[in-house]
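S.K.: Sharing a structure here in structure tokens format.
The values are calculated or read from the model by the stated rules, or taken from the named source; none is laboratory data. Source: prediction; values computed, not measured. As a convention, Cβ positions derive from the backbone with ideal geometry for all residues, glycine included, and neighbour counts pool all protein chains shown.
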Amino acid sequence: MKHSPHYPMKSTEGMVDYDRNSAAQQQIVNTQSARIRELVECLSPAGPEVTVVDYGCGPGSSAVEAVRPSIEVCRARFPDLPVSVVHADQPGNDWNALFELVYGTTGYQGEAGGIRTSAAVGTFYGQMVPANSVDMATCFAASHWLSRAVDVHLPGSIWFADAAGEARAQLWDQARQDWVAFLSRRADELRSGGHLLVATLGSVPEDDEINGTAASGRGIYRAIQVVAQSMADDGLIDAAILDNFVFALWFMTEIEARRPLEDDAVLSEAFDILEISVAPAPGNYRDVFGAFAGDPDEYAKRYRGYIRAFADSTLRKQLLEPSAKDAKDADKLADEFFDRLEELYRTETSKYAFELWHLLVVLKKT
Ligand SMILES: C[S@@+](CC[C@H](N)C(=O)[O-])C[C@H]1O[C@@H](n2cnc3c(N)ncnc32)[C@H](O)[C@@H]1O
């Protein structure tokens, strides 16, 4: 099953049990809470309300934590201005789960009046909210998903960082265009003086790695490749489909993220760069679940849960369903896939550890 090139690949829709399995995403959000406060402290909103938008918000508590620092500072600094909080994501996001959290006991709606919650539904590669309306914009663990699946022939790997030659050029071309589109639309939507904070997975230079770059999650994607190949070898999935399947994502290096903001005439005028960096994630950045490595069963369960939460829908739509007879067969293949993945982590433990570098981009609209 192919995706329409004109409709964003809804690769992260239907994320499985997201809230329980999104520790790494929650960590990215929490790490930036003080920075968001600082940025909102510097705002001089023109009114009639202060607008906070979280792009690619997802369905979980990280969507609440992403906007909480902005709300708290706005309530303290601009008590007379209502706060408009916009959660922006694709149509298939689990909006019910999100709004239950927003209005639940740990949500921000219980705290104080004067906060208007709404959803913006669509793609962040296009316009999501009115022009010149946003004071504080955030985007966590989302902007690395490309706008569409890329048709590449890449036998032996399912991920961008192991691609070389023409396949790599094709993937980077899409990633670069998408990053420019993302920034351009935010440049339209932000008010002058407003801030954009993007935090997601990044890559760092490493001489002896393929392409001279170590990308976050390389162990995870290589584990997925091993399992997918074993299923193709056993005749469970179509080998030709696997050779043409690649996750539609790109984790940028600092230079890749920075280049259009310095070289593109419109973007360099639109934004002042406050920070662009890629740094090891706090904690055990060489193995996000390293604390469980002494207990292989628990370690393997953590990896299964984490990987299934973000990868299940992409794998189903692009790899398993096209190899399956019907929906029931696709369910069986998905279970088989994640059983094998869990077994791989149980037997190999840290060989496929999740390494994590955070890319942080902080911009001010001129
Ligand atoms: C891994 S989740 C991160 C959710 C949340 N921001 C967090 O940090 O936990 C990625 C989110 O990005 C959204 N997303 C991916 N591509 C998108 C696009 N083109 N436009 C809007 N949202 C997108 C997905 O639907 C998903 O909810």
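S.K.: For segment 228-243, what are the residues that are surrounded by fewer than 20 Cβ atoms within 10 Å (Cβ to Cβ) and either of a type in the set (A, V, I, L, M, F, W, C) or in a loop (DSSP other than H, G, I, E, B) (or both)?
M.R.: Let us first name the residues in segment 228-243 that are surrounded by fewer than 20 Cβ atoms within 10 Å (Cβ to Cβ), namely 229-230, 232-236, 238-241, 243.
Result: 232, 234, 235, 236, 238, 239, 240, 241.
S.K.: Taking the condition of a type in the set (Ser, Thr, Tyr), farther than 30 Å from residue 69 by Cβ and modelled with pLDDT of 95 or more, does residue 230 pass?
M.R.: Numbers: of a type in the set (Ser, Thr, Tyr): yes; farther than 30 Å from residue 69 by Cβ: yes; modelled with pLDDT of 95 or more: yes.
So residue 230 passes the test.
S.K.: I'm trying to understand the selection: among the residues of segment 82-118, which are hydrophobic (A, V, I, L, M, F, W, C) and either crowded, with 18+ Cβ neighbours inside 10 Å or modelled with pLDDT under 95 (or both)?
M.R.: Of everything in segment 82-118, those that are hydrophobic (A, V, I, L, M, F, W, C) and either crowded, with 18+ Cβ neighbours inside 10 Å or modelled with pLDDT under 95 (or both) turn out to be 83, 85, 86, 88, 98, 101, 102, 112, 115.
S.K.: Oh, and also: Restricting the search to segment 341-356, which residues are surrounded by 19 or more Cβ atoms within 10 Å (Cβ to Cβ) and part of a helix (DSSP H, G or I)?
M.R.: Selection gives 341, 342, 344, 345, 349, 352.
S.K.: Can you pull out the residues in segment 175-217 that are touching a helix residue (DSSP H, G or I) at 6+ places or on another chain (Cβ under 6 Å), outside any strand (DSSP E or B) and more than 19 Å from residue 249 (Cβ to Cβ)?
M.R.: 187
S.K.: Can I ask one more? Under 9 Å between Cβ atoms, which residue pairs at least 6 apart in sequence (or on different chains) link something in segment 48-69 that is without any contact (Cβ under 8 Å) to a residue 40 or more places away in the chain and charged (D, E, K, R) with a partner that is more than 6 Å from the ligand (Cβ to nearest atom) and in a helix (DSSP H, G or I)?
M.R.: Within 9 Å, the pairs are 65/26; 65/30; 65/33.
S.K.: Only residues that are within 22 Å of the chain's Cα centre (by Cα) and part of a loop (DSSP other than H, G, I, E, B): list them for segment 249-271, please.
M.R.: Across segment 249-271, the qualifying residues are 250, 251, 252, 253.
S.K.: Please enumerate the residues belonging to segment 30-53 that are assigned to a loop (DSSP other than H, G, I, E, B) and more than 17 Å from residue 113 (Cβ to Cβ).
M.R.: Hits for segment 30-53 are 32, 42, 43, 44, 45, 46, 47.
S.K.: Sticking with this structure for a sec: Residues that are near the ligand (Cβ under 9 Å from one of its atoms) and of a type in the set (Ser, Thr, Tyr): find the strands (runs of 3 or more DSSP E) completely inside segment 54-168 holding 1 or more of those.
M.R.: Ranges flagged: 134-140.
S.K.: Test each condition in (1) within 12 Å of the ligand (Cβ to nearest atom); (2) modelled with pLDDT of 95 or more for residue 27 and report the one that comes out false.
M.R.: (2)
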